[in-house]
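Engineer: This is the structure I want to talk about, given as structure tokens.
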Amino acid sequence: MGWSANRRILIVALVIIALLAVAGTVAWFTGRTDQHSNSITPGATSTSSTGVPTQKPPTSTGAGSVPAPAQIAEPVAYAKAAALMLWSYDTRTTSRDQQLAGMREWLTKETEYADWASVAGQVPDPLLWSRLADQDQHATATVTEGHFPSAFKQALAEDPSAITEAYIYVVTVNGTQRIGWTKGGAGAEERAVTLAVQCRPSKDCTLAALAPTVTQ
């Protein structure tokens, strides 16, 4: 469900070598709910800062409830939008295939930097998805803050030119996911995810990968 070793080296080494050491020491919380509220995305932790409102009704992509890729050219703002997408789903209106198709639209088209497996791994397997659909399970999310991890900022300060090949930024996003299901069931969980987003100059950002650890 995370990056392979080779993929992690390819992506992260172009951005921040120091992050490799940090990533190996940080625990990755799966944040799964119990049988009544199994969720799509991993993550857990909380904080607050520059808030983002609860997700608005998504723009249709032909992929059910999955919102169209955000047209944002700033890494932190884009990462917040991507986290909202990852933490939101609706089995009442969206099939598993539609969920995956919608998520893939967010992925960078530069295949050498795209780690689709780390993104697709957030979606439950077909059997679990069907069980969630039987319960009409759906989720919305709120982002509380997003930031560049300290190791990323330090390495970038030490070698500003390191980012200019792939333009991949490491961003950690924190928030809350609210889950509902049939007969009024509901629950909420704190979420956290570290994303690699590609933001080339004068272009909208895209999603490159999800890190195997949450890095603060």
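The values are calculated or read from the model by the stated rules, or taken from the named source; none is laboratory data. Note that the coordinates shown come from a computational prediction; the quantities given were computed from them, not determined experimentally. We place every Cβ from the backbone using ideal geometry, glycine too, and count neighbours over all the protein chains shown. Accessible surface areas use protein heavy atoms only, side chains included; no ligands, DNA or RNA. Shrake-Rupley method; radii C 1.70, N 1.55, O 1.52, S 1.80 Å.
Engineer: Would you kindly find the accessible area of Tyr167, with a 1.4 Å probe and non-protein molecules such as ligands, DNA and RNA excluded, rounding to the nearest 10 Å²?
Structural biologist: Probe radius 1.4 Å; accessible area of Tyr167 about 50 Å².
Engineer: Please calculate the 1.4 Å probe accessible area of Ser202, with all protein chains present, and give it to the nearest 10 Å².
Structural biologist: Around 130 Å² of this residue is reachable by solvent.
Engineer: Let me ask something else about it. Near Lys183, which aspartates and glutamates are there with a Cα under 15 Å away, not counting those fewer than 8 places off in the same chain?
Structural biologist: Asp134, Asp136
Engineer: Counting other Cβ atoms within 10 Å, keep those with at most 15, restrict to DSSP loop, and tell me which trypsin sites (Lys or Arg not before Pro) in the range 156-216 are left.
Structural biologist: Lys203
Engineer: For the range 93-216, what % of the accessible area comes from carbon and sulfur atoms, probe 1.4 Å?
Structural biologist: 52 percent
Engineer: Can you work out the base-10 log of I(q)/I(0) for the range 132-216 at q = 0.14, 0.16, 0.18 1/Å, using the Debye formula on its C-alpha atoms alone?
Structural biologist: Once normalised to I(0) and log-transformed, intensities are -0.62, -0.74, -0.84.
Engineer: Quick query: amide H of Leu107 versus all other amide H atoms, modeled in the peptide plane; which residues come in under 5 Å with a sequence gap of 5 or more or a different chain?
Structural biologist: Under 5 Å from the amide H of Leu107: Leu207.
Engineer: When only Cα pairs under 8 Å and 6 or more residues apart are kept, what is the percent relative contact order across the range 82-216?
Structural biologist: Worked out over the range 82-216, it gives 28 percent.
Engineer: Another question, if that's okay. Just grab the label-to-label distance for Ala101 and Ala73, each label 7 Å out from Cα along the Cβ direction, in nm (one decimal).
Structural biologist: Placing both labels 7 Å beyond Cα along the Cβ direction yields 3.1 nm.
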